[in-house]
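A quick write-up on the structure given underneath.
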């Protein structure tokens, strides 16, 4: 965000205080959904499909 603010001239160049912070290198790993997450994914997908058929917004899962 700081870089974007600099590009839009909302901050002075080089004003990003996080520029010198080194990023943490994560190790790649596989993750599988647990049963509860898989069920939530399925119900969310079903709700989106129902919404696409109805074309009404927002679906109840939306926190908007």
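Every read-out reported here was derived from the displayed coordinates using simple, explicitly stated rules and does not represent laboratory data. What you are looking at is a predicted structure, and each value in this text was computed from that prediction instead of being measured. Cβ sites come from the backbone with ideal geometry, for glycine too, and all protein chains shown count toward neighbours.
If you compute P(r) over Cα pairs in 5 Å bins from 0, in percent for the structure shown, which of [x] 3, 18, 22, 18, 14, 10, 8, 4, 2, 1, 0; [y] 4, 15, 26, 24, 15, 9, 5, 2, 0; [z] 3, 13, 11, 9, 7, 8, 12, 17, 14, 4 do you land on?
[z]
So how tilted is helix 35-54 from the main axis of the chain? Cα-based, degrees 0 to 90, rounded to 10.
80 degrees
Applying a 10 Å radius around every beta-carbon, put 27-40, 3-16 in order of their mean neighbour count, most first.
Packing proxy ranking, top to bottom: 3-16, 27-40.
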